[in-house]
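The values are calculated or read from the model by the stated rules, or taken from the named source; none is laboratory data. Predicted, not measured: the structure shown is a model, and the values here were computed from it. Note that each Cβ is placed from the backbone with ideal geometry, even for glycine, and that neighbours are counted across all protein chains shown.
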Amino acid sequence: MNILLLGSGGREHALAWKLAQSPLCKKLFAAPGNPGIAAHAECVSLDAADHAAVVLFCNAEQIGLVVVGPEAPLVDGLADSLRSAGIAVFGPGKAAAQLEGSKSFTKEMCLRAGIPTAGYRRADSLAEAMEALAEFGVPVVVKADGLAAGKGVTVAMTSAEAEEAVRDIFAGRFGADGASAVIEEFMEGEEASYFALTDGRTVVPFGTAQDHKRVGDGDTGPNTGGMGAYSPAPVMTPMLRGEVVSKIFAPTVKAMAEAGMPYSGVLYAGLMLTREGPKLIEYNCRFGDPECQVLMMRLQSDLVEYLLACAENRLAALPPPRFSDDTALTVVMAANGYPGTPEKGGVISGIEQAEADGALVFHAGTALDDNGALVANGGRVLNVTAIAASAREAQAKAYAAVDRIDFSSGFCRRDIGWREVARNS
Ligand code: AMP
Ligand code: GLY
């Protein structure tokens, strides 16, 4: 069948690499794609916000499956438009995508379904928020409701910080999304991510990962979309994984179905491993970026089979997906300035040499300039990814590849995987 992949980042490059390997995939299109994705797909220009244009393209090219990479088109209801037109799509509809799009929606669902998460209060005015802060004390977590691109969260250690965060939200710093705030109890523990595929009924665990959100070595500096990741995350023991499936994923899928908005696609659970057990920090309705890159590196089963089964409500008929027991690790190379204003246009070379010993370089934010040279075109630019028997070996292999890349206007963290390497030494 022909497949259309939407998106242009490193996550989508990893998905394209894997989708294109499937015997079920006749032709892969990507919109808009990037120079790395172009090795696996025909890149086309299509505006994901123009649902009618996407449907028209799918009909013209006989697309049998649409895979939506990023969250914005899902929150915007693209999957609904495709489903109404009879086109199979991997990803939730608008109502179900609220699990990522609205923090208070998810909190209310957790409360209804008894899913372990931080205690919270939703506040629709500054006065209400101040009242909630007095109730919670410090440390406390303040979040702008809605999609604030990961920037709407403040973990406040003092009342002054918490009050400033609340004032920012009600002063409209996060736009219309800032019209309400969620005040949350602070949870202490180690963070990990767990992914599950679901067709609205069946839950299929799809791998664990840990990422590195801060820009600097030793987890310092501002938050980013993720500077590197590895999978599996051994901290997610079989017992913890079982607990997350039974206490978090399964009740979520059931609650969403009961609410008349069955969730179909990938559930990406951000978890805090607290002393009382795993608790949900947040859901995303898409694969993590760069977590997807390490999951795809480990996945041995045919990705198309699983994504199509999600779209066609027949996940229960498939065997559990197979993943390599090895550790995959990815290092993000970012453009100088990230996560502020990244430098654009920096020339990149050496990717072939970097891949010579088995590492893969996924393109996250690249473009070809007028002379056909590869240049930086975004904050996160490359994801240098390796797989090996241990985290230490995967780390060594990934950094050996990084060191063969010439990207003088870029940087990376040098300690991706440190937790795992420290645990094993
Ligand atoms: P979120 O956008 O909800 O994933 O939050 C971003 C980051 O803030 C998370 O990855 C955590 O590190 C932190 N965080 C969010 N909520 C809490 C909480 N209730 N307790 C402690 N840390 C939190
Ligand atoms: N790496 C974090 C995310 O994809 O949200």
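Restricting attention to the stretch 262-303, the residues being under 23 Å from Leu315 (Cβ atoms) and β-branched (Val, Ile, Thr) number 2.
Those strands (runs of 3 or more DSSP E) of the stretch 50-168 in which at least 3 residues are in contact with a strand residue (DSSP E or B) (Cβ under 6 Å, 6 or more places away or on another chain) and either among the basic types (Lys, Arg) or surrounded by 19 or more Cβ atoms within 10 Å (Cβ to Cβ) (or both), considering only elements entirely within it, cover 63-68, 120-123, 140-144. The listed residues are Ala389, Ala396, Ala422, Ala400, and the only one of them that is over 24 Å from the mean Cα position of the chain (by Cα) and at pLDDT below 95 turns out to be Ala422. Taking Arg314 as the residue in question, decide whether it is more than 14 Å from ligand 2 (Cβ to nearest atom), more than 22 Å from Lys143 (Cβ to Cβ) and over 18 Å from the mean Cα position of the chain (by Cα). Considered against the rule, which asks whether it is more than 14 Å from ligand 2 (Cβ to nearest atom), more than 22 Å from Lys143 (Cβ to Cβ) and over 18 Å from the mean Cα position of the chain (by Cα), Arg314 comes out as yes.
For the stretch 245-302, the candidate set comprises residues that are aromatic (Phe, Trp, Tyr) and within 13 Å of ligand 1 (Cβ to nearest atom); within that set, the residue that is nearest to Leu329 (Cα to Cα) is Tyr268.
The residues of the stretch 387-415 that are part of a loop (DSSP other than H, G, I, E, B) and under 20 Å from Asp219 (Cα atoms), listed by number, are Cys412, Arg413, Arg414, Asp415. In the stretch 1-45, the qualifying residues are those that are surrounded by 24 or more Cβ atoms within 10 Å (Cβ to Cβ) and among the polar types (S, T, N, Q), and the one that is farthest from Val361 (Cα to Cα) is Ser8. Does Gly226 satisfy being closer than 29 Å to Gly93 by Cβ, away from ligand 2 (no atom under 16 Å from the Cβ), among the small types (Gly, Ala, Ser) and not in a strand (DSSP E or B)? The answer is no for Gly226. Can you pull out the residues in the stretch 176-220 that are without any contact (Cβ under 8 Å) to a residue 40 or more places away in the chain and either more than 16 Å from ligand 2 (Cβ to nearest atom) or acidic (Asp, Glu) (or both)? Within the stretch 176-220, Ala176, Asp177, Gly178, Asp219, Thr220 qualify.
Of all residues in the stretch 309-339, those satisfying the criterion of being free of Cβ contacts under 8 Å to residues at least 60 places away in the same chain and either in contact with a strand residue (DSSP E or B) (Cβ under 9 Å, 6 or more places away or on another chain) or of a type in the set (A, V, I, L, M, F, W, C) (or both) are Ala317, Arg322.
Can you tell which of Ala386, Ala376, Ala391, Ala356 is of a type in the set (A, V, I, L, M, F, W, C) and under 17 Å from Ser8 (Cβ atoms)? Step through it out loud before you land on a result.
Numbers: Ala386 fails: under 17 Å from Ser8 (Cβ atoms); Ala391 fails: under 17 Å from Ser8 (Cβ atoms); Ala356 fails: under 17 Å from Ser8 (Cβ atoms).
That would be Ala376, the only listed residue that is of a type in the set (A, V, I, L, M, F, W, C) and under 17 Å from Ser8 (Cβ atoms).
The lone criterion from (1) assigned to a loop (DSSP other than H, G, I, E, B); (2) within 11 Å of ligand 1 (Cβ to nearest atom) left unmet by Pro234 is number (2). Contact map, the stretch 112-138: residues that are at positive phi paired with residues that are assigned to a helix (DSSP H, G or I), Cβ distance under 8 Å, separation 6+ or inter-chain. Pairs shown: Gly114/Pro251. Can you pull out the residues in the stretch 262-277 that are away from ligand 2 (no atom under 14 Å from the Cβ) and crowded, with 24+ Cβ neighbours inside 10 Å? The answer is Tyr263, Ser264, Gly265. So Gly358 clears everything in (1) modelled with pLDDT of 95 or more; (2) closer than 30 Å to Thr237 by Cα except one condition, right? Which one? Single failed check for Gly358: (1).
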